[in-house]
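Accompanying notes for the structure given below.
The values are calculated or read from the model by the stated rules, or taken from the named source; none is laboratory data. The structure presented is a predicted model; accordingly, all values stated were derived computationally and were not measured. When we count neighbours, we look across all protein chains shown, and the Cβ atoms used for this are built from the backbone with ideal geometry, even at glycine.
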Amino acid sequence: MSAVLVEAPVRKSPEIAKADIAVVLLGTGVVGGAFLKLLCTPVAKRLHLVGAANSRKQQTDAAQLTARDLRERLKREGAARDDAALLSALDAHHAELKVVIDATASGELAARHAEWLARGYHVVTANKSLAGGHLAGWRALQAARAAGGRYGDSATVGAGLPVLSTLRRLCDCGDSLLTLEGVFSGSLSYLFNQYDGSRPFSALLRDARKLGYTEPDPRADLSGEDVARKLLILARNAGFALGTDEVVVESLVPEALRDLSTEAFLDRLEELDEPLAALHEAARARGQVLRFLARLNQRGRARVGITEVPLTHPAARLYGTDNQFALTTTRYHTQPLVIQGPGAGPEVTAQALLGDVLALG
Ligand SMILES: NC(=O)C1=CN([C@@H]2O[C@H](COP(=O)(O)OP(=O)(O)OC[C@H]3O[C@@H](n4cnc5c(N)ncnc54)[C@H](OP(=O)(O)O)[C@@H]3O)[C@@H](O)[C@H]2O)C=CC1
Ligand SMILES: N[C@@H](CC=O)C(=O)O
């Protein structure tokens, strides 16, 4: 029997017209760039881009904002960075919902999320620095949310895999997280799923960077910092008030490469090769493979780092950028609830941002 192609079911729009949404986009890199592409698709027709910025320039001119080469233009023209002017552009728009989208890795911008929420803007973010940073920032964020601010954070864990939404739903039903374990980094998953010693680790890292999987500075991935942030976001959402100093983090970045500029670090990636080859060889000799795992135990002890696992371990059977989140809860206690799938990349992450924006109303 031959396969029959069917058309996607037509979703009936509800009677009530959905609200227009005015949007400011901070960050036009890998994720921000993919989001700009999604803005041109029919599902985004009620979104109105009123401002966009990179680290140095910004644009609020309507004609410029619709230019296909907006990202390139922003690199050479536009006004100097000024958050106040971007917020004014949101204020001036007729849309009922006004959203700041943070597609940067800037700690400085993340530190403003709670203030923006308190001022009545919604925030949708791929930036994990606030929710996964210092506990004081997390608490300020919870206070702003409790006061009515809506915070779209799906992209911060698993690049939009339904992890945070699932965890919150379980908790809303009175379930409690007991333990959490898995592979929370798309780039480290990509690296260790492929690394068999035949190509230098540094070459694979260069590939991961080109594909848009790594953080702007890949040391944020290799140091375990990005994984620790995701672990903190999940743990805090489940009620564990963990501080950043309560996660044991095992870094893969040698001492000599820790204090360099990003550019200087990228020039010296080959220095990662020898230590990683030695770890790989030692694991191989024991019939094991390397995986960068995150773990939270029942007593709230958290650790992220490189671990040797047997070939039968669930984390040994991942592909590409797969993330894996195994949640043991009061009700999922015999077998964990496992969420798995691609955990990095421009399209999936931008889609997570779009989904959070559309969910605002
Ligand atoms: N890549 C991925 O797969 C995923 C990424 N994320 C998160 O998304 C965020 C962005 O990642 P990615 O797109 O890969 O990174 P990129 O380095 O590609 O892009 C970062 C962008 O942020 C801009 N930027 C930095 N500081 C500021 C600032 N103060 N104001 C405005 N813009 C600023 C940069 O400007 P300039 O161009 O001038 O440097 C650049 O355009 C990170 O927080 C990351 O953790 C989350 C899930 C998955
Ligand atoms: N650099 C991150 C991107 C998503 O958060 C990762 O590798 O997982």
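The sole residue among ALA302, ALA241, ALA256, ALA264 that is hydrophobic (A, V, I, L, M, F, W, C) and either within 16 Å of ligand 1 (Cβ to nearest atom) or farther than 17 Å from SER223 by Cβ (or both) is ALA241.
Of everything in segment 87-136 that's of a type in the set (D, E, K, R) and within 16 Å of ligand 1 (Cβ to nearest atom), which residue is farthest from LEU242 (Cα to Cα)?
ASP102
Annotation note: of HIS94, HIS134, the sole residue that is over 16 Å from LYS230 (Cα atoms), touching a residue at least 24 places away in the same chain (Cβ under 8 Å) and of a type outside the set (D, E, K, R) is HIS94. When LEU272, LEU257, LEU266 are checked against the criterion of being within 16 Å of ligand 2 (Cβ to nearest atom), surrounded by fewer than 20 Cβ atoms within 10 Å (Cβ to Cβ), modelled with pLDDT of 95 or more and more than 19 Å from the chain's Cα centre (by Cα), LEU266 stands alone in meeting it. When GLN351 is tested against the conditions (1) farther than 24 Å from LEU222 by Cα; (2) within 16 Å of ligand 2 (Cβ to nearest atom); (3) assigned to a loop (DSSP other than H, G, I, E, B), the lone failure is (3).
Would you confirm whether any residue within segment 202-222 is within 22 Å of LEU130 (Cα to Cα), at pLDDT 95 or above and aliphatic (A, V, I, L, M)? Yes, segment 202-222 has at least one match.
Quick grid of which residues meet (1) closer than 29 Å to THR244 by Cα; (2) more than 16 Å from ligand 1 (Cβ to nearest atom); (3) surrounded by fewer than 21 Cβ atoms within 10 Å (Cβ to Cβ):
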| residue | (1), (2), (3) |
| --- | --- |
| LEU279 | yes, yes, yes |
| ALA283 | no, yes, yes |
| LEU311 | no, yes, yes |
| GLY341 | yes, no, yes |
| GLN351 | yes, no, yes |
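Residues in segment 319-331 that are hydrophobic (A, V, I, L, M, F, W, C) and either more than 16 Å from ligand 1 (Cβ to nearest atom) or over 19 Å from the mean Cα position of the chain (by Cα) (or both): ALA326, LEU327.
Which residues, counting only those in segment 165-224, are aliphatic (A, V, I, L, M), under 22 Å from TYR151 (Cβ atoms) and part of a loop (DSSP other than H, G, I, E, B)?
The answer is none; no residue qualifies.
The set of residues from segment 40-61 being of a type outside the set (Ser, Thr, Tyr) and free of Cβ contacts under 8 Å to residues at least 12 places away in the same chain comprises CYS40, PRO42, LYS45, ASP61. Within segment 324-333, not a single residue is farther than 30 Å from ASP172 by Cβ and either buried (at least 21 other Cβ atoms within 10 Å of the Cβ) or not aliphatic (A, V, I, L, M) (or both). Considered as a group, the residues in segment 197-250 that are among the polar types (S, T, N, Q) and within 12 Å of ligand 2 (Cβ to nearest atom) include one that is farthest from LEU296 (Cα to Cα), and that residue is THR214.
Take LEU290 and decide whether it is in the same structural domain as ASN193 (by TED's automatic domain parsing) and surrounded by 18 or more Cβ atoms within 10 Å (Cβ to Cβ). Yes.
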